[in-house]
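Just so it is clear, none of the values below were taken in a lab; they were calculated from the coordinates. Source: prediction; values computed, not measured. All Cβ positions, even for glycine, are placed from backbone atoms using ideal geometry, and neighbour counts span all protein chains on display.
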Protein chains: 2
Amino acid sequence: MELFTYYRSTSSYRVRIALALKGLDYQALPVNLLKGEQRGAEYLALNPQGRVPALRTDGGALLVQSPAIIEYLEEAFPEPALLPGDAETRARVRGVASIIGCDVHPLHNVSVLNQLRELGHDEVQVNQWIAHWIGQGLAAVERLIGDEGFCFGDWPGVADVYLIPQVHAAERFNVDLGSYPRIRRVVALAGQHPAFTQAHPARQPDTP
Amino acid sequence: MELFTYYRSTSSYRVRIALALKGLDYQALPVNLLKGEQRGAEYLALNPQGRVPALRTDGGALLVQSPAIIEYLEEAFPEPALLPGDAETRARVRGVASIIGCDVHPLHNVSVLNQLRELGHDEVQVNQWIAHWIGQGLAAVERLIGDEGFCFGDWPGVADVYLIPQVHAAERFNVDLGSYPRIRRVVALAGQHPAFTQAHPARQPDTP
């Protein structure tokens, strides 16, 4: 498989964790977002949305959007499972993933921050915007995840795949995590897990 | 089942379509977002994120976030299927759903628009913001869906569940759909399908 990725992209980071947790080999094809490579004709012909990540499967299909790619990996490579067995618990895990994937990360995506800057906002206001949405989302996640282990148990799963990159972004934007002891516990556990360290933005082929 | 819903909420509308396509009965429990009922203590005790929709299953579990609820319905009530059979095609369908669910709708959610107003933007600027994100997202969706039928074939599925409420929002915000003939084709088909008309914001118990 080939992964179109950018080292610092939150949603690329998610997919890298899922690939690593499943022990899947892939070739990283970096797309430099700062240089605008995602808007180049070559990349747009592959992915008309012009975003990363995108996954080329061994069958040659080009899959876009991290939530779709992560579900694909779970279906095509079921072991180790990143979702639990019963439908209601799976929905609880996906609920946490969706809070992060729909209501937090999209609001501090680089394209949104640039749009705010175009509307005349300075970095102080941009950072307040970021902190508002991250704070609101992480507060809900803190209430919904479990009391020990990873988000939902002894082994990392889809909720952790979303949470760890989101916390990395929060730290990059200096959002205080003091009110989220459960989240901090999961972050500490993930920091000792090879799949999470391997997928980290600091260790990618395109890391500066 | 019980669905916490608001007639005009885009993500509640998605879940209503999925329930209707599967022929599932449920009790609608309206949450009046204009009156702030989603932030009341009673509702927050159920759903700490304070958003709709939320689904109470027959087993009593409270599920949040429309993407998680829709996947739950597909797993718990497999027929009729809203996702195709093979993993790569499922990923294509979910990719379109995620473009709408992650990169379009969250950016014109009422809480985001209110945040823009708090930052001093007038309705002209707010509408430009909305049109920017809807236009960018629908342009990608137009490239990714099929040439006939619903988004991905003869029968409606998860991509249609996301697309129809998104187009309804686009029309409410006066976004021009002239450049999206495939999307307009799907909208015309859905307009004749009882599950979509039954789920429409104009026909809910809390519709004013």
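Only loop residues by DSSP count here, and only those with at most 13 other Cβ atoms within 10 Å; note down the trypsin sites (Lys or Arg not before Pro) in region A:29-95 that meet that.
Of the trypsin sites (Lys or Arg not before Pro), the ones in loops of region A:29-95 whose Cβ has at most 13 other Cβ atoms within 10 Å are A:35.
Measuring from the axis that superposes chain B on chain A, report the chain B residue with the minimal C-beta distance, rounded to whole Å.
Chain B residue with minimal Cβ-axis distance: B:106, 2.
Take every DSSP beta bridge with both residues inside region A:1-111 and express the antiparallel ones as a percent of the total, to the nearest 5.
Approximately 60 percent, going by the DSSP bridge assignments.
Need one word for region B:125-208: rounded, prolate or oblate. Basis is the Cα gyration tensor (sqrt eigenvalues a ≥ b ≥ c); a/c below 1.5 gives rounded, then a/b vs b/c decides.
Note, shape of region B:125-208 comes out oblate.
Most fluctuating residue of A:24, A:73, A:34 in a GNM of chain A with Cα springs under 10 Å: which is it?
Of A:24, A:73, A:34, the most mobile in the Gaussian network model is A:34.
What Kirkwood hydrodynamic radius, in Å, does region A:35-194 give when the mean of 1/r is taken over all pairs of distinct Cα atoms and then inverted?
17.3
Anyone know which of B:140, B:18, B:61 comes out most mobile in the 10 Å Cα GNM of chain B?
Greatest mean-square fluctuation among the candidates belongs to B:61.
By what distance, in whole Å, do the Cα atoms of region B:81-169 stretch along each of the three principal axes, largest value first?
48, 20, 18
If I model a spin label as a point 7 Å beyond the Cα along the Cα-Cβ vector, how far apart are those points for residue A:58 and residue B:184 in nm?
4.4
Assuming 0.36 nm per residue, please report the length gained on full extension of the stretch residue B:198 to residue B:45 beyond their Cα-Cα distance. Write out the running numbers ahead of the final one.
Values: separation 153, 0.36 × 153 = 55.08 nm, distance 2.98 nm.
Length difference between fully extended and current span is 52.1 nm.
Please state the charge dipole magnitude for the protein assembly as shown, taken about the Cα centre, from unit charges on C-beta atoms (+1 on K and R, -1 on D and E), reported in debye and rounded to the nearest 20.
Charge dipole, the protein assembly as shown, about its Cα centre: 580 debye, nearest 20.
Using only the alpha-carbon atoms, what does region B:2-80 span along each of its principal axes? Please give whole angstrom values in decreasing order.
Principal axes ranked by extent give 36, 24, 19 Å for the Cα atoms.
Which value, in debye to the nearest 20, describes the size of the charge dipole of region A:56-145 about its Cα centre when Lys and Arg Cβ atoms bear +1, Asp and Glu Cβ atoms bear -1, and nothing else is charged? All intermediate terms of the calculation are to be shown ahead of the outcome.
Working: 6 positive and 12 negative charges, 28 e Å.
Here region A:56-145 has a charge dipole of around 140 debye.
Name the residue farthest towards the positive end of the dipole of region A:1-154 from the options A:82, A:104, A:145, assuming +1 on Cβ of Lys and Arg, -1 on Cβ of Asp and Glu, about the Cα centre.
Farthest towards the positive end: A:104.
Just A:156, A:165, A:84 to compare: in a GNM of chain A, with alpha carbon springs under 10 Å, which one fluctuates most?
So, out of A:156, A:165, A:84, the one fluctuating most is A:84.
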